[in-house]
Amino acid sequence: MSNKILELKDIKREFRMGIELVKALKGISFDVSAGEFLTIMGSSGSGKTTLLNTLGCLDKPTDGTYLLDGVDVRKLSRNELARLRNLKIGFVFQAYNLLPRTSALENVELPLMYNPDISARDRRERAVRALEAVNLADRLDHTPSQLSGGQQQRVAIARALVNEPVMILADEATGNLDSRSSYSIMALLQDLNQNQGKTIVFVTHEPDIAAFSNRTITLRDGRVIKDSVNENKRSAKEVLASIPTADDY
């Protein structure tokens with residue numbers, strides 16, 4: 001049994017815009033093994049968003065092969081893709097995407113609503129465990145407006161974890177946060193990766209955020225121009241501890 005969670009081979013994605021053919025991805029190939037923490041970097045127009053949509057099974061490649069946990073994505077129907085997304089991928093977005101009038105617990109329960117095999121009691125228990133894993137056991141009944149930005153992102157991460165996916169896919173997950181909250185989220189993701197073995201693919205344009213991962217893939221003009229191991233990986237927990245708090249002034 002392969003321990004590769006993602007396998008991309010010569011992935012291409014083309015769009016027709018009027019009479020122009022846009023080649024967004026021009027032959028992307030890389031693998032991600034179970035337990036890796038990978039960042040994908042690239043400036044605007046590099047193909048980063050198109051690749052993210054492909055990895056998240058939100059879009060199919062025009063050509064090439066994409067295997068997610070051994071499943072060939074191109075062979076799936078729209079309904080099969082939706083089920084694969086729900087079972088295999090936990091999404092974390094820059095804008096949190098929480099339901100505003102719904103408690104943290106109910107927001108985390110949401111992905112489990114689509115699984116008829118999970119009872120209401122089991123759904124609640126799993127959601128509580130996910131919120132405990134992100135240190136929000138005392139915020140179960142709080143709505144998003146009662147939580148800070150960092151806490152809202154933790155709820156979003158708990159929601160991504162609740163289905164026990166094979167991969168957490170994060171899209172600029174620290175983009176709306178201040179430095180302290182950003183490092184706190186990265187410390188949480190490092191903990192989930194190192195101590196719980198979660199596979200994480202994190203899309204970012206910030207080099208200092210990428211430095212918290214084990215490996216970085218850089219895109220330019222729809223191609224991989226660099227795939228490197230981060231030899232000097234930073235500890236977000238240590239960086240967080242070095243930032244002065246209001247009490248220090």
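A protection proxy built from the mean count of other Cβ atoms within 10 Å ranks the segments 16-23, 203-210, most packed first, as 203-210, 16-23.
When the alpha-carbon atoms of the range 175-249 are used, the pair Rg, Dmax equals 13.9, 47 angstrom.
Return the Rg/Rh value of the range 134-226, two decimal places, where both radii are evaluated on C-alpha atoms and Rh is the Kirkwood radius. Answer for the range 134-226: 0.99. Calculation over all alpha carbon pairs of the range 1-148 in 10 angstrom steps from 0 returns a P(r) of 10, 31, 31, 22, 7, 0 percent. For the chain, the longest principal axis of the Cα atoms and the long axis of helix 120-133 meet at an angle of about 90 degrees.
Based on alpha-carbon positions alone, could you give the equivalent ellipsoid semi-axes of the range 114-164 from the gyration tensor, as √(5λ), descending, whole Å? Walk me through the numbers on the way to the answer.
Numbers: eigenvalues 84, 22, 19 Å².
Each semi-axis is the square root of five times an eigenvalue, giving 20, 11, 10 Å.
The lysines within cross-link reach of residue 26, meaning a Cα-to-Cα straight distance under 21 Å and a gap of 8 or more places when in the same chain, are 9, 12, 48, 60, 75, 226. Mean projected area of the Cα convex hull of the range 32-109, taken over all directions, amounts to 7.0 nm².
Of the peptides 147-158, 172-183, the order by per-residue mean of other Cβ atoms within 10 Å, starting with the highest, comes out as 147-158, 172-183. Just to confirm the number: angle between the C-alpha axis of helix 149-161 and the first principal axis of the chain, 0 to 90 degrees, nearest 10? With both axes taken from Cα atoms, the answer is about 60 degrees. Pair-distance distribution P(r) for the chain, from all Cα-Cα distances in 5 Å bins starting at 0: 1, 6, 13, 17, 18, 17, 13, 8, 5, 2, 1, 0, 0 percent.
Among 89-96, 223-230, how do they line up by average Cβ neighbours within 10 Å per residue, starting with the highest? Walk me through the numbers on the way to the answer.
Numbers: 89-96: 20.0, 223-230: 12.8.
Result, highest mean Cβ count within 10 Å first: 89-96, 223-230.
Mind checking the angle between helix 78-88 and the chain's longest principal axis? C-alpha axes, 0 to 90 degrees, to the nearest 10. Long axis of 78-88 versus the principal axis of the chain: about 50 degrees.
Where a number appears in this text, it was derived from the coordinates with a stated rule and is not lab data. Predicted, not measured: the structure shown is a model, and the values here were computed from it. FYI the Cβ positions are ideal-geometry reconstructions off the backbone, even for glycines, and counts take in every protein chain you see.
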